[in-house]
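Chemist: Sending over a structure as structure tokens; questions will come in a sec.
The values are calculated or read from the model by the stated rules, or taken from the named source; none is laboratory data. Since we're looking at a predicted model, the values are computed, not measured. Note that each Cβ is placed from the backbone with ideal geometry, even for glycine, and that neighbours are counted across all protein chains shown.
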Protein chains: 2
Amino acid sequence: MTYELYYWSGIQGRGEYVRLALEAAGAPYRDVAREDGDRVLSAFGKGIETPSFAPPFLKDGAVVVGQVAAILLYLGDRLELAPKDERLRLWTHQIQLTIADFVVEGHDVHHPIGAGQYYEDQKPEALRRAEEFRNERVPKFLDWFETILERNPAGPDHLVGDRLTYADLSLFQVMSGLSYAFPRLMERLYGDYPKIAAVSAAVAKHPPIAAYLKSDRRLAPNEEDIFRHYPELDP
Amino acid sequence: MTYELYYWSGIQGRGEYVRLALEAAGAPYRDVAREDGDRVLSAFGKGIETPSFAPPFLKDGAVVVGQVAAILLYLGDRLELAPKDERLRLWTHQIQLTIADFVVEGHDVHHPIGAGQYYEDQKPEALRRAEEFRNERVPKFLDWFETILERNPAGPDHLVGDRLTYADLSLFQVMSGLSYAFPRLMERLYGDYPKIAAVSAAVAKHPPIAAYLKSDRRLAPNEEDIFRHYPELDP
């Protein structure tokens, strides 16, 4: 069965967390809007019983699931990217939900007044919000990831248990986004988080992910995406 | 087994979505910080394998779960507040995740520059963000809830299937928060969403919830909470 991923064709965005899971597992999938255009995204929801509030959503036969964390919960079992044990399966999901919160903050740093207005029209506000994001929020989230890696009873090579889960993939993606958007901040912080750095590097070297990152399926980061590089926000 | 809920003692906040589930099911629980003080919240995470990034978290014997949506996923099965069918169980979760996104926006409307600074220090920014929230975001979310109620094949009395789920409880809570924070907006909008209004009213009348709302366990909304009433944001 070929999975169908529906997400904006021009950005990594939230779709990327799903793409990484599909790619890591070598699962067959169609990236529908990249083939058929973004208009399929709004057309799809019309009339179905379980329309998603926003992309991404995944179609697997008769099942349609939206919200990244819910999609990964669904795929985690099927692609063997989540533990079988219920407690650890839920813990993996909890980590993903915390990553989702971090991603919202990563977006709102350049759009504090609202997604409906241009960055240029909310730049002074973005400068203020970026200060708190750099000084308080990024360290708080990274401290937490480093701590849970330290405390993993199976060792610090993975966020959960002793093998790759979608949480590791998502941590890689967040670190990749932060490094693009805030290169100066991340350069200063990176040495403080050796376990996060090691997991991120291992994900990048995981053969199917390494092949994906070199392919043209991996979109380049850009200033339409969630993590954006505005030098003034990263002094 | 008595569940232990860990959440700030002075606000409904995100803990309330969990409280409503426990109360609706008549489950035995301790609201730990309300009994022992808020310092238990930070003390609890020290040294455990699965510390939550932030409250609320729920302890059920050896299981500790954080993130509202993950807690409700866990409780939904146990308290019979979620469908057994996997597709509908995931759909319930997807709705909860969308409610969680709405709640973040409901908070950020009064703290667009960051949670680390007082409202008074970001009031002009809040005025701008509130305009988009009122005019674009609230109608977009409410349109979506009304639509999925309309499309529920089991009828519009519940978000999912033909019985109460945690998603209905959470929708009630969001509507309660919006009505407190934006009474003028909600007065103007309320007639446009008869199905949401009916579900919210039915939740409020559900006997265990009706009893809870009258009890002193239900905290009053206030300006430390996520939904806050600042009249200037609701002209």
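Chemist: Find the strands (runs of 3 or more DSSP E) located wholly in region B:1-104 whose residues include 2 or more that are modelled with pLDDT of 95 or more and within 17 Å of the chain's Cα centre (by Cα), and list them. Steps first, answer last, please.
Modeler: Numbers: elements: B:3-6, B:29-31, B:57-60, B:63-66.
So the answer is B:3-6, B:57-60, B:63-66.
Chemist: Moving to a separate point now. So if I check each of A:Asp108, A:Asp60, which one is touching a residue at least 12 places away in the same chain (Cβ under 8 Å) and surrounded by 20 or more Cβ atoms within 10 Å (Cβ to Cβ)? Steps first, please.
Modeler: Details: A:Asp60 fails: surrounded by 20 or more Cβ atoms within 10 Å (Cβ to Cβ).
A:Asp108 is the lone residue from the list that is touching a residue at least 12 places away in the same chain (Cβ under 8 Å) and surrounded by 20 or more Cβ atoms within 10 Å (Cβ to Cβ).
Chemist: Given the structure, is A:Ser215 out of contact with any strand residue (DSSP E or B) (no Cβ under 9 Å at 6 or more places or on another chain), of a type in the set (S, T, N, Q) and without any contact (Cβ under 8 Å) to a residue 24 or more places away in the chain?
Modeler: Working: out of contact with any strand residue (DSSP E or B) (no Cβ under 9 Å at 6 or more places or on another chain): yes; of a type in the set (S, T, N, Q): yes; without any contact (Cβ under 8 Å) to a residue 24 or more places away in the chain: yes.
The answer is yes for A:Ser215.
Chemist: Out of all the residues in region B:120-133, which are surrounded by fewer than 20 Cβ atoms within 10 Å (Cβ to Cβ) and within 13 Å of chain A (Cβ to nearest Cβ)?
Modeler: Kept after step one, since they are surrounded by fewer than 20 Cβ atoms within 10 Å (Cβ to Cβ), are these residues of region B:120-133: B:120-121, B:123-124, B:127-128, B:131-132.
Hits for region B:120-133 are B:Asp121, B:Lys123, B:Pro124, B:Leu127, B:Arg128, B:Glu131, B:Glu132.
Chemist: Let me confirm something: among A:Leu88, A:Leu20, A:Leu58, A:Leu81, which residue is of a type outside the set (Asp, Glu) and in contact with a Gly (Cβ under 7 Å, 6 or more places away or on another chain)?
Modeler: Working: A:Leu20 fails: in contact with a Gly (Cβ under 7 Å, 6 or more places away or on another chain); A:Leu58 fails: in contact with a Gly (Cβ under 7 Å, 6 or more places away or on another chain); A:Leu81 fails: in contact with a Gly (Cβ under 7 Å, 6 or more places away or on another chain).
Going through A:Leu88, A:Leu20, A:Leu58, A:Leu81 in turn, the sole match is A:Leu88.
Chemist: Criterion first (closer than 25 Å to B:Ala69 by Cα, among the polar types (S, T, N, Q) and not in a loop (DSSP other than H, G, I, E, B)) does A:Gln173 satisfy it? Steps first, answer last, please.
Modeler: Details: closer than 25 Å to B:Ala69 by Cα: yes; among the polar types (S, T, N, Q): yes; not in a loop (DSSP other than H, G, I, E, B): yes.
In short, yes.
Chemist: Consider region B:136-155. How many of its residues are assigned to a helix (DSSP H, G or I), hydrophobic (A, V, I, L, M, F, W, C) and more than 8 Å from chain A (Cβ to nearest Cβ)? Outline the logic, then answer.
Modeler: Our first condition is that a residue be assigned to a helix (DSSP H, G or I); within region B:136-155, this holds for B:136-151.
Subset that is hydrophobic (A, V, I, L, M, F, W, C): B:138, B:141-142, B:144-145, B:148-149.
Those still in the list that are more than 8 Å from chain A (Cβ to nearest Cβ) too: B:138, B:142, B:145, B:149.
Residues meeting the conditions: 4.
Chemist: Can you tell which of B:Ala115, B:Ala54 is surrounded by fewer than 18 Cβ atoms within 10 Å (Cβ to Cβ), farther than 14 Å from A:Leu97 by Cβ and at the interface with chain A (Cβ under 9 Å from one of its Cβ atoms)? Spell out how you get there, then give the answer.
Modeler: Working: B:Ala54 fails: farther than 14 Å from A:Leu97 by Cβ.
One residue alone meets the criteria, B:Ala115.
Chemist: On to the next question. Of all residues in region B:75-91 being at the interface with chain A (Cβ under 10 Å from one of its Cβ atoms) and crowded, with 22+ Cβ neighbours inside 10 Å, which is nearest to B:Thr2 (Cα to Cα)?
Modeler: B:Leu90
Chemist: Pull up region A:24-51, narrow it to residues that are within 15 Å of A:Ser215 (Cβ to Cβ) and out of contact with any Ser or Thr (no Cβ under 9 Å at 6 or more places or on another chain), then point me to the one that is farthest from the other protein chains (Cβ to nearest Cβ).
Modeler: Of everything passing the filter in region A:24-51, A:Gly26 is farthest from the other protein chains (Cβ to nearest Cβ).
Chemist: Also, I was wondering about something else. Scanning region A:134-161 for residues that are within 30 Å of A:Leu233 (Cβ to Cβ) and touching a residue at least 60 places away in the same chain (Cβ under 8 Å), which turns out farthest from the chain's Cα centre (by Cα)?
Modeler: Per the stated criteria, the residue is A:Arg134.
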